[in-house]
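A.B. asks: A single structure is presented below for examination.
The values are calculated or read from the model by the stated rules, or taken from the named source; none is laboratory data. Note that the coordinates shown come from a computational prediction; the quantities given were computed from them, not determined experimentally. Don't worry about glycine lacking a Cβ; one is built from the backbone with ideal geometry, like all the others, and counts go over all protein chains shown. Surface areas here come from the heavy atoms of the whole protein model, side chains and all, with no ligands, DNA or RNA. Shrake-Rupley method; radii C 1.70, N 1.55, O 1.52, S 1.80 Å.
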Amino acid sequence: GCYSPRHDITLAELDVDGVDVLLQTWQEQMRQLTEHPDVAFVLIFENKGEAVGVSNPHPHCQIYATNFTFKYIQTELDAGRRHLDDTGRVLFQDVIAAERQDGRRLISQHGSALAFVPYFARYAYETYVAPMRSVPTIADLDDGERRDLATVLRDMVIRFDNLWRL
């Protein structure tokens, strides 16, 4: 869906309140979709620009609710499960701790959320925007965590738009 009743508004053009409202909507959608018995996986994403084959010219995100888990996600879940079994720790928490300790790839942080380029990045502009607390889905963030995530997400999309002069 579009980010605003004005269909030409991009995510980067919303203020933090607008991004927070968007994340609230994503939380509601996540709750509704994960309650459906046939839904195994929910993915919220944005494809932006002709280079990735976007057919809808309006700024928008998409939500996929599938009856399967994508293989690359399942591989990550399996690795996380093995790490937890082996160490007693949550893998992504260890990744965040390593990135915070190193500091070189941290891009943005606000309260309980941060953005960084992971040391294992596969793509030149791969960036993780995440809450610092592990939660099963975005629906499990509290209001303050969601607002912090909105602040960091907005910062990142502004940086990318400025980088590519969009």
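A.B. asks: Checking A130 against (1) within 23 Å of E28 (Cβ to Cβ); (2) open to solvent by 40 Å² or more (accessible area, probe 1.4 Å), which test does it fail?
C.D. replies: Condition not satisfied by A130: (2).
A.B. asks: Then there is this: Output the residue which, of all residues in region 54-104 that are at pLDDT 95 or above, part of a loop (DSSP other than H, G, I, E, B) and not aromatic (F, W, Y), is most open to solvent (accessible area, probe 1.4 Å).
C.D. replies: R104
A.B. asks: Now a separate question. Of all residues in region 110-125, which are under 15 Å from L141 (Cβ atoms) and in contact with an Asp or Glu (Cβ under 6 Å, 6 or more places away or on another chain)?
C.D. replies: Initially, region 110-125 is screened for residues under 15 Å from L141 (Cβ atoms), giving 110-114.
Listed by number, the residues that qualify are H110, G111, S112, A113.
A.B. asks: Further question: Taking region 131-146 on its own, how many of its residues are in contact (Cβ under 8 Å) with a residue 12 or more places away in the chain, within 21 Å of I63 (Cα to Cα) and not in a helix (DSSP H, G or I)?
C.D. replies: Filtering region 131-146 for residues in contact (Cβ under 8 Å) with a residue 12 or more places away in the chain gives 131-134, 137-139, 141, 144-146.
Checking the rest, the ones that are also within 21 Å of I63 (Cα to Cα) come to 131, 137-139, 141, 146.
From the residues that got through so far, the ones that are not in a helix (DSSP H, G or I) too are 131, 137, 141.
Final tally of qualifying residues: 3.
A.B. asks: Restricting to region 92-106, what's the tally of residues that are farther than 19 Å from E76 by Cβ and among the small types (G, A, S)?
C.D. replies: Final tally of qualifying residues: 1.
A.B. asks: Taking D155, is it open to solvent by less than 70 Å² (accessible area, probe 1.4 Å) and out of contact with any helix residue (DSSP H, G or I) (no Cβ under 7 Å at 6 or more places or on another chain)? Working first, answer last.
C.D. replies: On the way: open to solvent by less than 70 Å² (accessible area, probe 1.4 Å): yes; out of contact with any helix residue (DSSP H, G or I) (no Cβ under 7 Å at 6 or more places or on another chain): yes.
So D155 fits the description; yes.
A.B. asks: Sort through L114, L149 and tell me the only one that's open to solvent by less than 30 Å² (accessible area, probe 1.4 Å), in a helix (DSSP H, G or I), at pLDDT 95 or above and not hydroxyl-bearing (S, T, Y).
C.D. replies: Result of the check over L114, L149: L149.
A.B. asks: If you don't mind, another one. For residues that are open to solvent by 40 Å² or more (accessible area, probe 1.4 Å) and assigned to a strand (DSSP E or B), scanning just region 1-43, find the one that is modelled with the lowest pLDDT. Working first, answer last.
C.D. replies: Quick first cut of region 1-43, residues open to solvent by 40 Å² or more (accessible area, probe 1.4 Å) only: 1-2, 5-8, 13, 15, 17, 21, 24-25, 28-29, 31-38, 40, 43.
Applying the additional criterion that residues be assigned to a strand (DSSP E or B) yields 2, 43.
Working: C2: 42, L43: 92.
Ranking the qualifying residues of region 1-43, first place goes to C2.
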